[in-house]
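First up is the structure itself, then whatever we jot down about it.
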Amino acid sequence: MLQGTFDKEQRSSGQTIISCSGEDMDKLVIEGGVPLTGGIDISGSKNAALPILFACILLSKPFTVTNVPNLRDIHTTIKLLNMLGCTCTYSEHCVQVEPGDLLPEAPYDLVRTMRASVLCLGPLLARIGRARVALPGGCAIGARPVDQHLKGLELMGASFQLEEGYIIGRCRRLKGTHITFDMPTVGGTENLLMAASLAEGETVLKNAAREPEIVDLANFLRTCGAKIEGHGTSVIHIQGVTSLSDGQYAVMPDRIEAGTFMVAAGITGGELLLHNCPFQELESVVRKLNSMGMEINETPEGVLARCAVPLRGTDVKTQPYPGFPTDMQAQIMALMCLADGASVVEESIFENRFMHVLELMRMGAQIKVSGHTAMVRGVQKLTGAPVMASDLRASASLVLAGLAAQGVTEVRRIYHLDRGYEHIEHKLTAVGARIQRVQE
């Protein structure tokens, strides 16, 4: 079903919507070596918007979600919500939600393209007591099991069985309980946070993930009338309510997009002013970029990122928030490729997230991988080459490398990139990059 090229639909507003009807054959062609200068507006966070949209299943009255990025995953989610009976329309970065009669099934043809689709499981059980959700897909960056989601929902009274690749869940009204995660899990925390909002009694989530996107989800639910305390810490208390109300909520800005553009300033020797940048949520990233020689400072107009001295190597270990995010690992590795000395990257979140390494090496990078660790020795220059993206953040790292490389870089399979970056080529062109999207 999901074959061919993207459809581009023109809405009445005149805005181009990238739909999720297939894997496009576009590529980015980049002529590197230009320092980027100017201002960039940071879009709303994809990783915050997706759980917030799935939380709309819980609502019994209309709601408006604003600052929603125009991304492939967003439109996949809207299509899925409409199939479930929760009517959603997208226009000018706003999603209008009209609750309706819900259906329990999230089909494979949609779920297979996006890992976050499993987040409809908890809300469906909380609202209608049943769900049939295909096991999720998404980027091939390693196993991301949903066992923590299911264990928590079982403790709340749900029962599950697996049939023909579908998770089938049933329950009466979910009941509050104490749940301790085996390890911090972002998706598991989000799923159970949503489910507990309509459960009977109090739910306590221990060893919960602390990511800013979870805080944003909790703030959204609180705007709707949920009773939640402790979000942003490892222990979250949720007192269930019988219904959630109407209103409006703005999604937080995207910290990973902001971090990516910080690296873009450093790798090209440029200077970028990032508007609507979530500076506090990027503390671990800013600290590492500072250690490499970048200057990143808050100003009244936004966050200014620049590199006035030669880059130097550093060591990074990915960790759950507030540690260094795995979603920034590939990007900072691209920067390390041009830094003086050696750098070490340890990936502790996903076991298969070094697939960009071979592509960077095609451009002249010196990288050696051993297990979950990569050693990067900086080189004087990268050289443009045809490269292939393997996942969302790997795509970003190859674009960054292309911006700095001598010659022309072609980044193929950029449908991954469209899942997480809103019109990245337009934003980069506006600050001086020589980059264009072409059809292969």
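The values are calculated or read from the model by the stated rules, or taken from the named source; none is laboratory data. It should be emphasised that the depicted structure is a prediction, and the values quoted were computed from it without experimental measurement. A quick note on method: Cβ atoms are made from the backbone with ideal geometry, for glycine too, and the neighbour counts reach across all protein chains shown.
Here Tyr90 meets each of (1) over 15 Å from Pro51 (Cα atoms); (2) in contact with a Gly (Cβ under 7 Å, 6 or more places away or on another chain); (3) modelled with pLDDT of 95 or more with one exception, condition (2). Going by what's in this entry, would Glu213 be described as crowded, with 24+ Cβ neighbours inside 10 Å, in the same structural domain as Leu400 (by TED's automatic domain parsing) and in contact with a Ser or Thr (Cβ under 8 Å, 6 or more places away or on another chain)? Spelling it out, it is not the case that Glu213 is crowded, with 24+ Cβ neighbours inside 10 Å, in the same structural domain as Leu400 (by TED's automatic domain parsing) and in contact with a Ser or Thr (Cβ under 8 Å, 6 or more places away or on another chain). The residue that is modelled with the lowest pLDDT, counting only those in region 132-165 that are within 24 Å of Asn47 (Cα to Cα) and touching a Lys or Arg at 6+ places or on another chain (Cβ under 8 Å), is Ile141. Looking only at region 46-91, residues that are assigned to a helix (DSSP H, G or I), in contact with a helix residue (DSSP H, G or I) (Cβ under 8 Å, 6 or more places away or on another chain) and not hydrophobic (A, V, I, L, M, F, W, C) come to 8 in all.
In this structure, is Phe220 touching a strand residue (DSSP E or B) at 6+ places or on another chain (Cβ under 8 Å), at pLDDT 95 or above and in the same structural domain as Pro310 (by TED's automatic domain parsing)? Criteria not met by Phe220.
For region 57-110, the set of residues classified as of a type in the set (S, T, N, Q), closer than 21 Å to Asp216 by Cα and in contact (Cβ under 8 Å) with a residue 60 or more places away in the chain consists of Ser60, Thr64, Thr66, Asn67, Asn70, listed by residue number.
Of all residue pairs spaced 6 or more apart or on separate chains, those with beta-carbon atoms under 8 Å, a first member in region 154-183 that is over 16 Å from Ala106 (Cβ atoms) and a second member that is among the basic types (Lys, Arg) and in a strand (DSSP E or B) are Met156/Lys175; Gly157/Lys175; Ser159/Arg170; Cys171/Arg130; His178/Lys206; Ile179/Lys206; Thr180/Lys206; Phe181/Lys206. Exactly one residue among Arg255, Arg312 is among the basic types (Lys, Arg), in contact (Cβ under 8 Å) with a residue 24 or more places away in the chain, crowded, with 23+ Cβ neighbours inside 10 Å and at negative phi, and that residue is Arg255.
Screening Ala106, Ala131, Ala126 for residues that are over 17 Å from Glu163 (Cβ atoms), surrounded by 23 or more Cβ atoms within 10 Å (Cβ to Cβ) and not polar (S, T, N, Q) leaves exactly one candidate, Ala126.
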